[in-house]
1. Label points 7 Å out from Cα along the Cβ direction at residue 288 and residue 186: separation in nm?
2. With P(r) over Cα pairs in 20 Å bins from 0, in percent defined as stated, name the option among [x] 19, 46, 24, 10, 1, 0; [y] 17, 40, 26, 14, 3; [z] 20, 52, 25, 3 computed from the structure displayed.
3. Using r as the Cβ-Cβ distance of residue 222 and residue 94, and R0 as 56 Å, what FRET efficiency do you calculate, to the nearest 0.05?
4. Enumerate the residues in the stretch 119-139 having an amide nitrogen under 17 Å from the point lying 7 Å beyond the Cα of residue 87 toward its Cβ.
5. Could you calculate the FRET efficiency of residue 131 with residue 195 from 1/(1 + (r/R0)^6), where r is the beta carbon distance between them and R0 is 45 Å, rounded to 0.05?
6. Rounded to the nearest 5, what is the percent of antiparallel bridges among the DSSP beta bridges in the chain?
7. So, with a 1.4 angstrom probe, what is the percent of accessible area on the chain that is carbon and sulfur?
8. Between residue 499 and residue 271, what length comes free when the chain is fully extended (0.36 nm per residue of separation minus the Cα-Cα distance, one decimal in nm)?
Amino acid sequence: MNMNRLAASAAALALLASSALPAAAAETRSPVRLSVNGIELVAPDAAPYEAEGTVLVPIRAAAERLGLNVSFDPSTYAVTLTSSDIEATFRAGTSSAAVNGREATYSPASAVTANRVFVPLSFFQAVLGYETAYRSETKTAEIAAPTVSLEPEALVENVLERLIAGDYQGLSDEWFTDEMKAAVPVDALASGWESAGRLAGSFVGIESIQDGPIDAQTTGIQAVVAFENLNMQVTLAVNESRQLAGLLLQPMAAEAEAPETVVEEAIVVGAGTAYELGGTLTLPAGAEGPVPAVVLVQGSGPSDRDETTGAYKPFRDIAWGLAQQGIAVLRYDKRTYAYGAQFTAEEAAALTVAEESVDDAVAAAALLKNDARIDASQVYVVGHSQGGMLAPRIDAEGGDFAGLVLLAGSPRTLWEIIYDQQTMFLEALDDADPAKAANLSFIEGEYEKAKRIAEMSVEEAKKTTVYGLPAYYFQEMDAFDFPAYAAALEKPVLVLQGEDDFQVYADKDFAEYKEILGDREGITYKLYPGLNHFFVDYDGPGAGTLDEYSVPGTVSEDVIADLAAWIKQQK
């Protein structure tokens, strides 16, 4: 460091240490507890206090907790507070501030105590518009965002404005709980929104909004927001401290009404059991005589009856398409979708695919076979993704179908597929990204654990996680011997696969089905160029990534036509 710079630094330090800054007069002080947006402010080197009936608050600590950016100019003693909608400046030692182009006054004047700028509690209401309160009997003070900000539409608009403006840091600082900040860092928030925003296009407006309690401490707000290219569902969880405990942005499938040539009825799968599931039976309008029917079985994870994923509703598309061609379709909410939030940790660790999917699909098949409008000898299972993997087991364990349709399924183990999916995703990252090597190492470690699943005891499997799921879940699923089932199979099977599927693979999963099932009579295969995992044709921004599911699309008409033709050929 040169001598001139050293001298300047020393002068600056001397100035800060001197009495040049306006200081609070000697006074009797008593400590005050201060909460900001419901959370106690802890500032060991600048604690709030009461003096002569006035509560003094450290401006930097309190303002930053409110999500404001704070800067201090030592040459003028000016403090500046900024956010997406506030710009306020005042000078330490004064009782007025310029805020958004207007003057606001407060009393008493701001002051400096122990080299920290303090303002009276009233400053936050008079200058910034926040709500304040002080209870002298308990020595507790409060600063909170104005009540109007909790109006559902105003809150959704505020969140969207910040996202659209790219004010990710401001959104996090002002609204996120500490847990949300840890779970959704600013860079993750930015990349998530920019990916979604690129596909959504320009903001149009809020179409509808609903709010209601999630639990005793949390309010849920759900809005349908229109953008140029698609609609998005924005879900917010607001806690008692007026902070966001949850934020979810989901592209929505285009709304549509069932064709006039079909009729839909609400049904219950598993009526009278502990897990009744709402569903929809779609029938050809005006059909005469019993008709063939299919049970649709979803892929992995909680899923509604339409198998809604991003902007897709593939099971709705299939149900309407097949019913228009004379085939009834039963689709229903998955058990983990309807009841997953009620599972205890122990129940979740012990969950099997039998309970999650198989038992309910068997019940759905029985429901169809007992309906006089359905040809009981012509009930088929159509399983997608994990549903396709499970379709043979569902048939063997009570479904007893006339035939099986495997849509983007696999005869391999689920943990092998997850390993391939995660490895492919990570290998696409830049080698310079430090997360790449670390995550690849983690995935390899999980894969080594997965290869030991069959050797684990039931107790060990329930206590061990692999790729974030209980090892017991994989262990129980792996117990079904697909090659043995296939060797004895005499029923017709249709295996369909999209060539552009990046979740299961034509060169692995589709090819392995061909190897196991062979070219026996009754086994039919078809590979569709250009179609993805949901049999949607997409070749726009984000193609080959999960982003493509955010763009509204429907199941290929060719796939539905092939399904209908194959079912009719089995009569």
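1. 7.1 nm
2. Recomputing P(r) over Cα pairs in 20 Å bins from 0, in percent here gives the entry labelled [y].
3. Working: r = 45 Å, r/R0 = 0.81.
Taking R0 as 56 Å, the efficiency between residue 222 and residue 94 is 0.80.
4. 128
5. Working: r = 36 Å, r/R0 = 0.81.
About 0.80, to the nearest 0.05.
6. On the way: 79 of 109 bridges.
Around 70 percent antiparallel, to the nearest 5.
7. Whole-percent figure for carbon plus sulfur exposure: 51.
8. Numbers: separation 228, 0.36 × 228 = 82.08 nm, distance 3.93 nm.
That pair, residue 499 and residue 271, stretches by 78.2 nm at full extension.
The values are calculated or read from the model by the stated rules, or taken from the named source; none is laboratory data. Not measured: the values here are computed from a predicted model. Reconstructed Cβ throughout: ideal geometry from the backbone, glycine too, with neighbour counts over all protein chains shown. We work out accessible area using only protein heavy atoms, side chains counted, and drop any ligands, DNA or RNA first. Shrake-Rupley method; radii C 1.70, N 1.55, O 1.52, S 1.80 Å.
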